[in-house]
Amino acid sequence: MKWKIAHLHTCLNLISALILLLGLGGAVWIYQTSTDDSNRVLGYEEGGGSVYPVAPEDSRMYLRDLELVGGKANVLAYQFRRWFGGLWHGKSLAVIVGCIAIVISFGFFYVANHLPPRLESDVHIEDKRDRTDQK
């Protein structure tokens, strides 16, 4: 039984390391191969010595129309939906994959190092047969 717990400890640590290596490797690969989507550029703005692309959704007219139709809640919902959708593309996806790999790997590592010790039963099985009756 003790060997099985030690074997389980080793397996969980191995799984933890494998998840960490594959997850971080995948995150690096995603980060290296990702490109910025700038195909919906309306124009460019200059600010702080840099030039930024402006999408149609970034214009004040579009946000004003959203607010007229649905109020401030509509604008906030739109901005949240756009932010959340942006998490799953490009370099931010690589960061998300890396973080998820670290958290899952840590979970396996934590479970492996906090396994309960070998549980022994308080009940001992005794042989109740009377050995004097044996023929």
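The values are calculated or read from the model by the stated rules, or taken from the named source; none is laboratory data. In this text the structure is predicted, and so the values were computed from the model without any measurement. No Cβ is skipped: glycine too gets one built from the backbone with ideal geometry, and neighbour counts run over all protein chains shown.
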Tally, over the stretch 50-102, of residues that are closer than 22 Å to T35 by Cβ, at pLDDT 85 or above and acidic (D, E): 0
Check on G98, part of a helix (DSSP H, G or I) and on the phi > 0 side of the Ramachandran plot: no
Number of the exception - G107 against (1) modelled with pLDDT of 95 or more; (2) more than 30 Å from S34 (Cα to Cα): (2)
Any pair with Cβ under 8 angstrom, 6 or more apart, that starts in the stretch 49-70 at a residue that is assigned by TED's automatic domain parsing to the domain that holds R82 and farther than 22 Å from G86 by Cα and ends at one that is small (G, A, S) and assigned to a helix (DSSP H, G or I): G70/A77
